[in-house]
Amino acid sequence: SHKQDYQEPTLEEQE
Amino acid sequence: MIHSDTVISLSQDATYQDMGDNEPAVILQLSTGRLFTCNLTTRCFLDLLADPCSLGDAVDQLLKTFDVPREKLERDLIKLAGQLLAAGLIQLN
């Protein structure tokens, strides 16, 4: 199966 | 300190909504109204935490989805879990 490109996980608090 | 045997789950004080298949998500902390955004990797991690799950099991599952070395993914998820825990979005089980 084809795997997705990996991006480092992000978590950003918004106003 | 979070490690691969640490069992975690989504906090009852948090809910999130994805923006579609393979899309990022927004996370809402119910008691405070704090709002967070995250990318697809974080969203896929949260998907696994509907029920209590060890960090190591989460790594195993996400390795099936993403093209990334295990050591890199585990390191990133430990860091992410620390951020989510500090924000009150996940809990230790």
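Taking chain B, how much of its Cα-Cα pair set, in percent, is spaced more than 22 angstrom apart?
In whole percent, the share of Cα-Cα pairs in chain B beyond 22 Å is 21.
Separation of segment B:49-71 and segment B:6-48 by C-alpha centroid, Å?
The distance from the Cα centre of segment B:49-71 to that of segment B:6-48 comes to 16 Å.
Evaluate the relative contact order of chain B (contact order divided by residue number), counting alpha-carbon pairs under 8 angstrom at least 6 apart; express in whole percent. Write out the running numbers ahead of the final one.
Details: 132 pairs, mean separation 36.3, N = 93.
Contact order relative to length: 39 percent.
Net charge around residue B:87, counting only other residues with Cβ within less than 14 Å of its Cβ (Lys, Arg = +1; Asp, Glu = -1)?
Here the count lands on -1.
Put simply, what bits of segment B:55-70 lose 30 Å² or more of accessible area when the other protein chains are there, versus the chain on its own (1.4 Å probe)?
For segment B:55-70, once contacts with the other chains are taken into account, B:65, B:66, B:67 lose 30 Å² or more.
The values are calculated or read from the model by the stated rules, or taken from the named source; none is laboratory data. Because the structure is a prediction, the values reported are computed rather than measured. Quick reminder, even Gly has a Cβ in these numbers, built from the backbone with ideal geometry, and neighbours come from all protein chains shown. All accessible areas refer to the heavy atoms of the entire protein, side chains included, with ligands and DNA or RNA removed. Shrake-Rupley method; radii C 1.70, N 1.55, O 1.52, S 1.80 Å.
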